[in-house]
1. Which residue, chosen from T20, Q36, M1, occupies the Cα position most advanced towards the positive end of the dipole of the chain, where the dipole is computed from +1 (Lys, Arg) and -1 (Asp, Glu) charges on Cβ about the Cα centre?
2. Please compute the net charge surrounding Y26, taking Lys and Arg as +1 and Asp and Glu as -1 over other residues with Cβ under 12 Å from its Cβ.
3. Could you pull the Cα extents of the chain along its three principal axes, largest to smallest, in whole Å?
4. Add -39500 (n - 2.57) for each DSSP H run of 4 or more in the chain, then divide by its residues: what number comes out at 222 nm, to the nearest 500 deg cm²/dmol?
5. In terms of Cα to Cα distance under 19 Å, which aspartates and glutamates are near enough to K2, apart from those fewer than 8 places away along the same chain?
Amino acid sequence: MKEHFPDKDEIILAVNKKNTVAQQVYLKGGFVDSGQRMMGRKGELYIFRKSLNVS
């Protein structure tokens, strides 16, 4: 990511509320549920974030 997008410091994604398998994959991959919710074409979306900052 840093090689292609050096000015970006996080990844934000939306996952469907009903897609619990994907939610678990993203959480295990280091994403955090931001608590934000949106409505998508197929229902409610959870907004997940992952920091790219390496400490």
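Any read-out appearing in this document is the output of simple, stated calculations on the displayed coordinates, not a laboratory observation. Just so we're clear, the structure is a prediction, and the values are computed from it rather than from any experiment. Backbone-built Cβ (ideal geometry, glycine too); neighbour counts: all protein chains shown.
1. Checking the options against the dipole of the chain, the answer is T20.
2. So the environment of Y26 carries a net charge of +2.
3. That works out to 34, 21, 18 Å along the principal axes.
4. Numbers: 1 runs with 9 residues, N = 55.
So the helix-based figure for the chain works out to -4500 deg cm²/dmol.
5. Within the straight-line limit of under 19 Å, K2 reaches these aspartates and glutamates: E10.
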